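The values are calculated or read from the model by the stated rules, or taken from the named source; none is laboratory data. From a predicted model like this one, the values you see are computed outputs, not experimental measurements. Virtual Cβ from ideal backbone geometry, glycine too; neighbours counted across all protein chains shown.
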Amino acid sequence: MNTFTPRLSAIACAAWIASGAGQAWAQGPATATLAATATTTATPAARADNRYLAQVDAEARAARLSKVDYALQFTLSGKESFAGSSTVGFDLSDASAPLTLDLDQASITSLLVNGKAVAPQYNGSFITLAPQDLRLGRNSVVVVYERRHSSNGEGLHRMVDPADGRVYTYSHFEPAAAHQMFALFDQPDLKASYQLSVTAPADWQVVSAMPERAVAAVAGGKRWDFPATPRLSAYNFSLHAGPYKVWEDRSGKYPLRLMARQSVAGQVAPADWFKYTQGGLAFFEKYFGLPYPFEKYDQLLVPDFLYGAMENAGAITFAEKRFLFKESMTAAQKQSLASVILHEMAHQWFGDLVTMKWWNGLWLNESFAAFMATLATAESTEFTNAWQSFYSGGKQAAYIQDQQVTTHAIETPVPSTANAFDNIDAITYSKGASTLKQLRHLLGTEVFRQGVHNYLAKYSWQNAKLDDFIGSLGQAAGRDLSGWTRDWLYQAGVNTVTAQYRCAGGKVSEFALRQDGASAALPTLREQRVQIGLFGLEKGRGKGKGGGQLVLQRQQAVTYSGALTPVPELKGEDCPDLVYPNYEDWGYVQVRLDERSFRTAQTSLGKVADPLLRAMLWQSLWDGVRAGQLPLAAYLRAVRDNAPAERDYTLLGDIAGKTRQAKAYVDLIAPGSAWQRETGVALERMALAAARAAKGDDNFQRRWFGLYLDVASSPAALAQLAGVLDGKDVPAGLLVGQDLRWDIVARLNRYAAAGSAALVDAELARDPSDAGQAAALAARVGRPDAKAKAEWLAQIVDLDSKLPFSRRRVAMENLYPAEQGALGEETAQQRLALLASKDQAAGPIFMRSYGSHLIPANCTPASVARLEQAVAAAPALSAGSRRALLVAQQEDARCVAIQRAMKLPPR
């Protein structure tokens, strides 16, 4: 699954706190690990009467069951409810105790246990099968039921397209939501075969893991019959049905299909999808040394999707919001598409063919897919600089999260399905991927590949654990990896590395790498292999080739461990102007530049030829801002001095992203000040001039104009945007399509520009699509109107509201932008007061958005104190909500420190 964005927060989970593991987590990651491990060793007398499945209950159930299979029948009409039946076959080794079968919020019509009609013992989350109805050996259970379609993106989700009234459905089962669609044993280590029959309207397409065996006309539409699947974990199975538009490509080894809603079909570029899919299949078959495990490869663009994409076996789903564009895709959008296609494809082997035993192994699935997707993107597509994108994107988010008070080990206990997504974040995805990249450097590329092949071959169609994977790698390398595993996977935090050296007579006389622990509470010092780069400023060459450049003098690979690792190989080298101790980004480590190197980085960004090194030096400056060591104004001067000359498209995107963050800090720390206005105008002028200068290069021009749009706030800039909307003074060559038009309308409304409210209805008349309606909502919610914001907040927190969750999520994301701090203060106390009650009632999906967007942080000492009080006053929050609160407090304090570094008066 692809869930990661830099804003991703963990899913809330009340049951974790209730179990005691959450209390232990508050004392520190190591304590939490021990406490949670202790809770999972005792088998409870009976399964808890709630909607979640505890690991101990799952283990007890799996110990009794084997040879599970399902025959599933569904009748889909397009209406709000569907009918289904599950025939569950299994071998039972112990019939002396009750057995539970998971099924969520259904109306059960009949229950047959071994051919006998039984009155259901059902609590709305699972059916309890009595011992007297069970028998040793083979058993059969038939559950006939009805259930409403889901509307929150889980289970069997239903959506009515507002553009044409067509109905679309799709399933999403991760982490444990298959029982929101049918009756089963919903845990990953009970792999089973699934035989499927679906009756649906005649104009619908029905898609699942296998190619359909037969399609026949029946009363009410058509019946689609599918053969039994190979043995899959429940969350890898899927069913998608609706009048989807279908594109096919049968030119390769496997039949490929791509599907999307009819009303958005014009926004799909199937040639790009098929190109990256064909290239990826060839790459992975060669790398893994195993054929693609399924018979066909379907990909579907679906609405209201909670995440980026999902690796359902042979039938992968993708979020429309991330991959549909009304203009032609930019290079960055194509690279994102390629990367996510390849991420989900890697899962077909690592996740679907071989699956974790329990949800604590989910991180390994995601880390491995993130690592392999980046490798495959770099080696099988035109985006050969994919590792640079990885460094600037997901890896930096991991560094940030690894330095927060909520950091956690990569491998953590998962006491119940309520906790499955607690730690699914940038640490899970990008730190995990970085550790695998580091391990590949330690072991060697071919040894690592051979270990992966051995693992996949040995555990095909089975469940496996972390020790199985590490064991396969260690066996291939002839090395014991238990120490590496302990330090990297079971310990939290990111180390820092600094070059420690002296020069005498213009030459290096001593050189060592100094490693520091993340903190006193997280002191682990790790072994890893990195490259050291020594750089010097060329002198005396004028403006000719290489003149004034910061050039590489020497690079040296070294494996370091402990606090201090001497590097005698660098003695006698010319004294460098800059040392970068993680050159080419082999390691997962926070680089702390020595004083001389930091000065060089500030003054010589434009003198660095290597775009990855430039990205690293930009990152060092930004790290200095976030640490309160470099004034924000100095960083923004570096942006204005260097960004317009940047010719690396990927790096420009990174600089633009950091500039947006910097502008948000400006708006927070100095609202209404002359410095805020002057800084904003300077950034506006820089970005607009660069957009005009980029005529003829669509990618650069759209990137620059996107930055202009995101920093525009002065009357002149807002008037310029309104003019672009009317076709006036458009930068020559700029494509002004529907997506950009909506972005402009939203920006004008965010600042209540004259006539902007009327623009929403006018634009909606041009674009009444589902995406258009969401964009209109975002524009309306963002207006600086206290009364309207209070009304929207009331709708958001009303759990009985008829507003679909997908729309409430849009509202939460746009309600309180950074520059509207004064408006945010009007409801700040109310939002904090609602946190605990909504956390109890709303569920993790809702609280993830609430925690990310509605916890008030206003960059003042008073705001920080208010959040500290909220943390102290709400010890029983779910893990996800408590984490969001703690992070908000820490980042709010960071913002105040950035303000102090500017020596601005406190607000």
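Key figures
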| read-out | value |
| --- | --- |
| Residues of the stretch 56-82 satisfying the condition of being assigned to a strand (DSSP E or B) and of a type in the set (S, T, N, Q) | Ser66, Gln73, Thr75, Ser81 |
| Filter result for Lys321 (within 24 Å of the chain's Cα centre (by Cα), within 25 Å of Ala774 (Cα to Cα), in a helix (DSSP H, G or I) and touching a residue at least 60 places away in the same chain (Cβ under 8 Å)) | yes |
| Test: Asp654 is among the acidic types (Asp, Glu) and crowded, with 21+ Cβ neighbours inside 10 Å | yes |
| Condition check for Arg907: more than 27 Å from Ala426 (Cβ to Cβ) and touching a residue at least 40 places away in the same chain (Cβ under 8 Å) | yes |
| Candidate set: the stretch 877-902, residues that are outside any helix (DSSP H, G or I) and in contact with a Pro (Cβ under 8 Å, 6 or more places away or on another chain); chosen: the one surrounded by the fewest Cβ atoms within 10 Å (Cβ to Cβ) | Met902 |
| Odd one out for Gly474, checked against (1) within 22 Å of His441 (Cα to Cα); (2) part of a loop (DSSP other than H, G, I, E, B) | (2) |
| When residues of the stretch 103-146 are limited to those that are among the charged types (D, E, K, R) and touching a Ser or Thr at 6+ places or on another chain (Cβ under 7 Å), the one surrounded by the fewest Cβ atoms within 10 Å (Cβ to Cβ) | Glu146 |
| In the stretch 565-619, the residues that are touching a helix residue (DSSP H, G or I) at 6+ places or on another chain (Cβ under 6 Å) and surrounded by fewer than 18 Cβ atoms within 10 Å (Cβ to Cβ) | Gly606 |
| Matching residues in the stretch 374-397 - criterion: being hydrophobic (A, V, I, L, M, F, W, C), touching a residue at least 60 places away in the same chain (Cβ under 8 Å) and in contact with a Ser or Thr (Cβ under 8 Å, 6 or more places away or on another chain) | Trp387, Ala397 |
| Positions within the stretch 812-827 being aliphatic (A, V, I, L, M) and either part of a loop (DSSP other than H, G, I, E, B) or in contact with a Lys or Arg (Cβ under 9 Å, 6 or more places away or on another chain) (or both), in sequence order | Leu815, Ala818, Leu823 |
| Some residue of the stretch 828-843 being assigned to a loop (DSSP other than H, G, I, E, B) and either among the aliphatic types (A, V, I, L, M) or more than 27 Å from the chain's Cα centre (by Cα) (or both) | yes |
| Selection status of Arg809, among the basic types (Lys, Arg), part of a helix (DSSP H, G or I) and in contact with a Ser or Thr (Cβ under 7 Å, 6 or more places away or on another chain) | yes |
| Single unsatisfied condition, Lys539 versus (1) within 23 Å of Phe390 (Cβ to Cβ); (2) without any contact (Cβ under 8 Å) to a residue 12 or more places away in the chain | (1) |
| Inter-residue pairs, beta-carbon under 6 Å, first touching a residue at least 40 places away in the same chain (Cβ under 8 Å) and of a type in the set (Gly, Ala, Ser) and in the stretch 732-756, second surrounded by 15 or more Cβ atoms within 10 Å (Cβ to Cβ) and in a helix (DSSP H, G or I), 6+ apart | Ala746/Ala778; Ala746/Ala779 |
| Pick from the stretch 670-712, criterion acidic (Asp, Glu) and surrounded by fewer than 16 Cβ atoms within 10 Å (Cβ to Cβ), ranking: nearest to Val730 (Cα to Cα) | Asp697 |
| In the stretch 437-488, residue surrounded by the most Cβ atoms within 10 Å (Cβ to Cβ) [restricted to those that are touching a strand residue (DSSP E or B) at 6+ places or on another chain (Cβ under 6 Å) and over 26 Å from Gln388 (Cβ atoms)] | Ala464 |
| Candidates Leu513, Leu534, Leu439, filtered to the one that is outside any loop (DSSP other than H, G, I, E, B), within 26 Å of Tyr580 (Cα to Cα) and touching a Ser or Thr at 6+ places or on another chain (Cβ under 6 Å) | Leu513 |
| Residue among Gln205, Gln187, Gln195, Gln105 that alone is within 16 Å of Thr87 (Cα to Cα) and either touching a residue at least 24 places away in the same chain (Cβ under 8 Å) or touching a Cys at 6+ places or on another chain (Cβ under 7 Å) (or both) | Gln195 |
| Boolean, Ala48 is touching a strand residue (DSSP E or B) at 6+ places or on another chain (Cβ under 7 Å) and in a strand (DSSP E or B) | no |
| Filter result (without any contact (Cβ under 8 Å) to a residue 60 or more places away in the chain and either within 20 Å of His172 (Cβ to Cβ) or assigned to a loop (DSSP other than H, G, I, E, B) (or both)) within the stretch 111-155 | Asn114, Gly115, Val118, Ala119, Pro120, Gln121, Ala130, Leu134, Arg135, Leu136, Ser150, Gly155 |
| Qualifying positions in the stretch 758-770 - closer than 20 Å to Arg809 by Cβ, surrounded by 20 or more Cβ atoms within 10 Å (Cβ to Cβ) and at pLDDT 95 or above | Val760 |
| Residue in the stretch 199-216 that is touching a Gly at 6+ places or on another chain (Cβ under 6 Å), crowded, with 22+ Cβ neighbours inside 10 Å and within 24 Å of Ala48 (Cβ to Cβ) present | no |
| Residues of the stretch 783-819 classified as touching a residue at least 40 places away in the same chain (Cβ under 8 Å) and of a type outside the set (A, V, I, L, M, F, W, C), total | 9 |
| Candidates Pro856, Pro906 - the one that is out of contact with any His (no Cβ under 9 Å at 6 or more places or on another chain), assigned to a loop (DSSP other than H, G, I, E, B) and closer than 22 Å to Ser713 by Cβ | Pro856 |
| Checklist (1) touching a residue at least 60 places away in the same chain (Cβ under 8 Å); (2) within 36 Å of the chain's Cα centre (by Cα); (3) crowded, with 17+ Cβ neighbours inside 10 Å applied to Asp164, failing item | (3) |
| Helices (runs of 4 or more DSSP H) fully within the stretch 656-774 counting 2 or more residues that are of a type in the set (Val, Ile, Thr) and under 30 Å from Phe805 (Cα atoms) | 738-750 |
| Residue within the stretch 402-409 that is within 23 Å of Gly657 (Cβ to Cβ), touching a residue at least 12 places away in the same chain (Cβ under 8 Å) and charged (D, E, K, R) present | yes |
| Qualifying positions in the stretch 83-108 - among the aliphatic types (A, V, I, L, M) and assigned to a loop (DSSP other than H, G, I, E, B) | Ala95, Ala97, Leu103, Ala106 |
